[in-house]
Amino acid sequence: MSIQAPPLLEVQNVSKYFGSVIALKEISMSVHSGEVMCLLGDNGAGKSTLIKILSGVHQQSEGHYRVEGKEVHFTSPRDALNAGIATVYQDLAMIPMMSISRNFFLGAEPTVGWGPLRRFNLAQADRITREELAKMGIRVRDTAQPVGTLSGGERQSVAIARAVYFGAKVLILDEPTAALGVKEAGVVLRYIAQARARNLGVIFITHNPHHAYPIGDRFTLLNRGRSYGTFTKSEISREEITAMMAGGEELESLSHELAEFARTDAQAATQLAEAAHAFEAEAEQMHVEHHPITEERDNV
């Protein structure tokens, strides 16, 4: 990772308002070439809003957005894509029954022939698809097979390889491991490492620190639309990330509340035991006092 050149992508003091609702407040982060920046936060932290700003879906209300040091004002996802910023969303827009090679070139298919005789160049598409997937360490049995037959991790890998082929400098990956098992998540993390090795900048959005920590170089943590800051791996542990994501102060407060409940319950249990013991003693005394009367009645 080279930190001499300006970041591939940088936002500085970015805020986003929806009427009176503050979705983001003064968020700053950046990603350099050959770096995996992990954007972490629990549900409702503001990750989705920030992704939409980075990918051109939303425009920030305040703050600066720069690509390779130049201020940008994207008005659509196409603007971001033209600037080399590709977003791979969790719900991939792949057509299940379409072949892998056709999905790879969706919207930009290589053709052969002229005019009304122009047609999809299947041989070229197959060759390029295989080559580009192989560069990412991906092997497929047959590029003509329906993409719907691939596993979730394999679909993510095709989307990543496609973005790289079409010139992406920054990959924004939206919860790519969220719906995957341990093995499949490991596959996707390997492809993220491959993208970093090819000198791309990767923004890995996730709420799972166990997936982020092994692959991440730096970590930006969001909580309720605000940032806890950006940390390198040497500055923060996985356990600290987990605690900050959950809200360290809230957890500490909850811990004190639970301790107080436990103490109160213990006192209540002691008082109840003492009351029961006193009631038992009183009942026994009443039994002793009434017993002689019963004997007198028996004698009569």
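Name the shape class, rounded, prolate or oblate, that the alpha-carbon gyration tensor gives for the range 91-249, where a ≥ b ≥ c are the square roots of its eigenvalues, rounded holds for a/c under 1.5, and otherwise prolate holds if a/b is larger than b/c and oblate otherwise. Judged from the Cα gyration tensor, the range 91-249 comes out prolate (a/c at least 1.5, a/b above b/c). Helices in the chain that qualify as membrane-span-like (whole DSSP H runs, Cα extent of at least 24 Å along the helix axis, mean Kyte-Doolittle hydropathy of -1.0 or higher) are 248-299.
Normalising the average separation of contacting C-alpha pairs (under 8 angstrom, six or more residues apart) by the number of residues puts the relative contact order of the chain at 23 percent. Cross-linked pairs LYS16/LYS52; LYS135/LYS183; LYS47/LYS70: Cα-Cα separations exceed 19 Å for LYS135/LYS183; LYS47/LYS70. Computed about the Cα centre, the dipole magnitude for the range 131-230 is approximately 240 debye when only Lys and Arg (+1) and Asp and Glu (-1) carry charge, each at its Cβ. When only alpha carbons are used to place a centre, the range 125-139 and the range 21-59 end up 31 Å from one another.
Each Lys and Arg contributes +1 and each Asp and Glu -1, all at the Cβ; summed about the Cα centre of the chain, the dipole is approximately 3480 debye.
Rounded to the nearest 0.05, the FRET efficiency derived from the C-beta distance between TYR17 and PHE120 at R0 = 30 Å is 0.05.
Largest GNM mean-square fluctuation across GLN194, GLN60, GLN267, computed for the chain with C-alpha springs under 10 Å, falls on GLN267. Here SER151 and GLU62 are evaluated by their C-beta separation; at R0 = 51 Å the FRET efficiency comes out at 0.75.
Calculated from the structure at hand, log10 I(q)/I(0) by the Debye sum over Cα atoms at q = 0.07, 0.09, 0.16 Å⁻¹ is found among (i) -0.40, -0.55, -1.27; (ii) -0.26, -0.44, -1.42; (iii) -0.46, -0.68, -1.30 as (i). Measuring r between the beta carbons of ARG139 and ALA276 and using R0 = 51 Å, the FRET efficiency lands at 0.10. Taking the chain as a Gaussian network, Cα atoms linked when under 10 Å apart, which of PRO209, PRO116, PRO96 shows the biggest mean-square fluctuation? It is PRO116. Based on DSSP H segments of at least four residues, each scored -39500 (n - 2.57), the chain has a per-residue ellipticity at 222 nm of -14000 deg cm²/dmol. Highest GNM mean-square fluctuation, the chain, Cα pairs closer than 10 Å: which of ALA123, ALA212, ALA168? Result for the chain, Cα springs under 10 Å: ALA123 fluctuates most.
Between HIS207 and LYS183, the distance separating the two model label sites (each 7 Å from Cα on the Cα→Cβ line) works out to 2.7 nm.
For the range 98-191, trypsin sites (Lys or Arg not before Pro) are listed when DSSP marks them as loop and at most 16 other Cβ atoms sit within 10 Å of their Cβ; the list is ARG118, ARG139, ARG141.
Values in this text are rule-based calculations from the coordinates and carry no lab data. Since this is a predicted model, take the numbers as computed values, not measurements. Glycine gets a Cβ as well: all are built from the backbone with ideal geometry, and neighbour counts include every protein chain shown.
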